1. Find how much the distance from Glu60 to Thr484 grows on full extension, using 0.36 nm per residue of separation minus their present alpha carbon separation; answer in nm with one decimal.
2. Quick check: pseudo-label points 7 Å beyond the Cα along Cα→Cβ at Asp354 and Ile259, how many nm apart are they?
3. How much length is gained on full extension from Lys367 to Arg386, taking 0.36 nm per residue of separation minus their Cα-Cα distance?
4. Under a Cβ-only charge scheme (Lys and Arg +1, Asp and Glu -1), can you give me the dipole magnitude of the chain about the Cα centre, in debye to the nearest 20?
5. Would you mind counting up the charge near Gly328? Only other residues with Cβ under 12 Å from its Cβ, with Lys and Arg at +1 and Asp and Glu at -1.
6. Gly266's amide H: which non-local residues (gap 5+, or another chain) put their own amide H closer than 5 Å, with H modeled 1.01 Å from N in plane and none for Pro or chain starts?
7. Apply the a/c threshold of 1.5 to the C-alpha gyration tensor of the chain and tell me whether it is rounded, prolate or oblate.
8. Amide H to amide H, which residues 5 or more places from Gly470 or on other chains are under 5 Å from it, using H placed in the peptide plane?
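No lab work stands behind these numbers, since they all come straight from the coordinates. None of these values were measured; they are calculated from a predicted model. Virtual Cβ from ideal backbone geometry, glycine too; neighbours counted across all protein chains shown.
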Amino acid sequence: MAGSGTFAEIIDGDVFNYYSNGQWNKSSSGKFVPIINPTSNKIHFKVQACTQEEVNKAIESAKTAQKLWAKTPLWKRAELLHKAAAILKEHKAPIAECLVKEIAKPAKDAVTEVVRSGDLVSYCAEEGVRVLGEGKFLVSDSFPGNERTKYCLTSKIPLGVVLAIPPFNYPVNLAVSKIAPALISGNSIVLKPPTQGAVAALHMVHCFHLAGFPKGLISCVTGKGSEIGDFLTMHPDVNCISFTGGDTGIAISKKSAMIPLQMELGGKDACIVLEDADLDLVAANIVKGGFSYSGQRCTAVKVALVMKSVADTLVKKINDKVAKLTVGPPEDDCDITPVVTESSANFIEELVKDAKEKGATFCQEYKRKGNLIWPLLLDNVGANMRIAREEPFGPVLPVIRINSVEEGILHCNSSNFGLQGCVFTKDINKAMLVSDAMETGTVQINSAPARGPDHFPFQGLKDSGIGSQGITNSINMMTKVKTTIINLPTPSYTMG
Ligand code: G3H
């Protein structure tokens, strides 16, 4: 049970404590933030509503702890990360249970998220030891008056305090994908978890606490975005922000100044299907890519652009698979579970109504009960429909029938987003041409979009983000290059 056993110290009464300076604390605000279970639409958990002063203290202790941590040997940092990874995996059941209750993640996927996170932390520890243990050596050349008199040594130094803001759909995995590279690189961490997912994140932080990281190095502050959001992102002692979420990221990027940003802000991932594609493979990928976790993934297939000549056959194959999707509570490990909030469900419904009014073909009847929306494939979608461009973040997938591959590419590239895209064809030459033409951070050939494996580079173009993630890229992003230059009085050798 969440908050019991090993985790008993993280709860006080019925409100989960926040974590700062190595301790689990109650907020002086006397207020809490309710966490609504998407299935019952009732309050399931409560977390502390931290004050700005408490956030300030967390940042202050992170700043102090980082100084010593930066001097801690890499192997020691790696050892603690490996320990945290093992503890995290050991506690996969109670953490997964929080994910089921807070964000309605299907039971098995919830366990997978925790295990995947443990693996990510261990991989990061290993990678960090190698990437950070190396520097470069450069010799000056043809710089007026300095021919071979300068020797440059480079190393990577930490940035300081890293602020990590993960989204509701992966409150554990997208938190550790920021925490682990920051820590291995010698930074400290202040984590602001999403409201829904905060309790899972607090449990995850407790695993790091049990691993024995120094006091103050990791903090987790909970509370209302309106009270502590801007305060955190504009804090002068925050040296880097790693954010995953929606439009808020754009606002953060405008307000923050002179600090490195890593952001992933959603997508409208297009799936282009050519005439020679293996349609069984396409159908399997579209259903998995479009409907897993009820479409609440930034990398979900969000529009299928299908060549007219194969559209009838493909739509039938997709519908056969959609009919087999199970719909119900996350506890039963159903494929389709309630979407995260009532307002998300309302937004999805708006897009569905708009498509109906504008003449889309409904392959299934639209059905909703509370936050639970049955999977829906919309065929013959036109560019004038909102669902063609907007991100539903729900189990509704539009199909646009195209006359040419160019038309598909044009539609994909007209989006403000540019996260991932995919193309299905047996012709590798055509696939490479499409990949080259799609304005997205990644193109998958013959598979649905996905962020993982977690050490692959992951980045979005346009409004989909800034910077590149993935373990090595995150380590590089969370460090600065420092150079030391040895100057010789005269050239080290002369010719002739
Ligand atoms: O929702 C955003 C995530 O970065 C997507 O990750 O492809 O592993 O589901 P995923």
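1. 149.7 nm
2. 3.4
3. Length gained, Lys367 through Arg386: 4.9 nm.
4. Taking the Cα centre of the chain as origin, the dipole is about 1000 debye.
5. On the way: positive: Lys369; negative: Glu331, Asp332, Asp333, Asp335.
With Lys, Arg at +1 and Asp, Glu at -1, the neighbours total -3.
6. Under 5 Å from the amide H of Gly266 lie the amide H atoms of Gly245, each far enough along the sequence or on another chain.
7. Cα axes put the chain in the oblate bin.
8. Residues meeting the criterion, in which the H sits 1.01 Å from N, are Phe458.
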